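Below is one structure; the comments refer to it alone.
The values are calculated or read from the model by the stated rules, or taken from the named source; none is laboratory data. Because the structure is a prediction, the values reported are computed rather than measured. All Cβ positions, glycine included, derive from the backbone under ideal geometry; neighbour counts span all protein chains shown. Only protein heavy atoms, including side chains, enter the accessible area calculation; ligands, DNA and RNA are left aside. Shrake-Rupley method; radii C 1.70, N 1.55, O 1.52, S 1.80 Å.
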Amino acid sequence: MNNSASTSRVALKKITPDVSAAMGSLHAAAVSAADDAKVEPELLELIRIRASQINGCAFCLDMHTKDARAAGETEQRVYALNAWRETPFFTGRERAALALAEAVTLVHDGQVPDAVYAEAAEVFDETQIAALIWAATVINAYNRIAIATRMVPGGYQPTPKN
C-alpha cells in the first residue's frame, strides 16, 4: 500500500461526528458484552491484533500491540501471533477464538466454516461466541476506516493503568 503523506483524506470524526460517535458506541457495547460474557480483555486484544494483521492496518496494529503489551502480553506472543497455528504459545481457547476471528475477517473466503464455529462452541458459550463475533466485526470496521482515511500510526499511547 502506498501511504503517501501528500494525499489528504477525509476526517471522518469532523465530517460525520454522529456516525463516528455511533461507531464508538458500538465498540463500547461490544467491549461491555465481552466483559459481561467473561471474555478476557487480553483475548480481545489478540483478536484485534490478528484481524489488523490480516487487513494490513498499520494504525490498529500500532494501537493494539501497545495496548496488549501495556496489559501484560508478552512480546513473544505478539511477535508470533501472525503464525499462531505453528507455535506452542497459545491455549486451545485462544486458538479457537483466533480461528473464529480469522474466519469473520476473511468471510469472503468461504464464510465461517462449521468446523471453526464448532471448535469455538467447544470452549465458549453462546454469549461468549457472540462477544467474539462482535469484537472481530468491530475491529474489522475500524481497520477499514483507518485504512480508507490513511490514519497515521505511531502517535497512540495506551492509557496508564491506575
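Over the stretch 29-115, what is the relative contact order in whole percent, taking alpha-carbon pairs under 8 Å and six or more residues apart? With pairs under 8 Å counted, the relative contact order is 29 percent. Of the residues A71, T149, S52, the one whose Cα sits farthest toward the positive end of the charge dipole of the chain, with +1 on the Cβ of Lys and Arg and -1 on the Cβ of Asp and Glu, is T149.
Helix 114-123 and the longest principal axis of the Cα set of the chain meet at an angle near 70°. What the Cβ-Cβ distance of A83 and S20 gives, at R0 = 35 Å and to the nearest 0.05, is a FRET efficiency of 0.55. Counting 0.36 nm for each residue step from R69 to Q157 and taking away their Cα separation leaves a gain of 30.6 nm. For a straight C-alpha distance cut-off of 28 angstrom, the lysines reachable from K161 (same-chain residues fewer than eight places away being disregarded) are K13, K38, K66.
Once the Cβ-Cβ distance between S32 and T7 is put in as r, and R0 is 35 Å, what FRET efficiency do you end up with, to the nearest 0.05? Computed FRET efficiency for S32 and T7 comes out at 0.45. Accessible surface for the stretch 52-162, divided over its residues, is 54 Å² per residue with a 1.4 Å probe. Here the chain has 57 percent of its accessible surface on carbon and sulfur atoms, given a 1.4 Å probe and all protein chains in place.
Using only Cα atoms, tell me the angle between helix 92-105 and the longest principal axis of the chain; keep it within 0 to 90° and round to the nearest 10. With both axes taken from Cα atoms, the answer is about 50 degrees. When each of the peptides 89-99, 147-157 is scored by how many other beta carbons lie within 10 Å of its residues on average, the order from highest to lowest is 89-99, 147-157.
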